[in-house]
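No value in this document is a laboratory result; all are computed from the given coordinates. Worth saying up front: this structure is predicted, and the values here are computed from it rather than measured. We place every Cβ from the backbone using ideal geometry, glycine too, and count neighbours over all the protein chains shown.
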Amino acid sequence: MKQKITLILSILLGLFMATFGLNKFMHFMPMPEMNEAAGALMGAFGTAIWLFPLIALVEIIGGVLLAIPKTRIIGAMALLPISVGIVLFHTFQDKSGLGMGIGILIVLLYILGSNCDKITKLMD
């Protein structure tokens, strides 16, 4: 049962992250309204022309890897820093998306925790 839950969560989160990564390139979903401080920070990040495409590529590749059972751990590890960044951004800049960020982080930690035996084998 635990494996089925992990599989379902991995596929759903992988599709979610890949979709939001693709949105950074194709702009098929509108950007939500942000407060002034968050908008200023996003504008500052936008001056580094390589940053958002890099984040988008990691979201797309990590999401696809997360959805595939054999590469799930690599995808979860790739998406972990992005999810921490999402939580920190919404904690300190724009509280509106904090629940979504915490949800992503919890699911990733659950996936990594359920594969803890495989992760420890990687470190041997």
Breaking point among (1) touching a residue at least 12 places away in the same chain (Cβ under 8 Å); (2) surrounded by 14 or more Cβ atoms within 10 Å (Cβ to Cβ), for Pro32: (2)
Test: residue in the range 84-105 that is under 17 Å from the mean Cα position of the chain (by Cα), within 30 Å of Leu122 (Cα to Cα) and in contact (Cβ under 8 Å) with a residue 60 or more places away in the chain: yes
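Tally the residues that are closer than 13 Å to Leu65 by Cα and of a type outside the set (S, T, N, Q), restricting the search to the range 10-27. Quick ask: steps written out before the conclusion?
Narrowing the range 10-27 to residues closer than 13 Å to Leu65 by Cα: 10-18.
Checking the rest, the ones that are also of a type outside the set (S, T, N, Q) come to 11-18.
Going through the range 10-27 one residue at a time, the tally reaches 8.
Do you know which residues across the range 17-29 are exposed (fewer than 14 other Cβ atoms within 10 Å of the Cβ) and either of a type in the set (Lys, Arg) or not in a helix (DSSP H, G or I) (or both)? Outline the logic, then answer.
As a first pass, look at the range 17-29 and keep what is exposed (fewer than 14 other Cβ atoms within 10 Å of the Cβ): 25-29.
Matches in the range 17-29: His27, Phe28, Met29.
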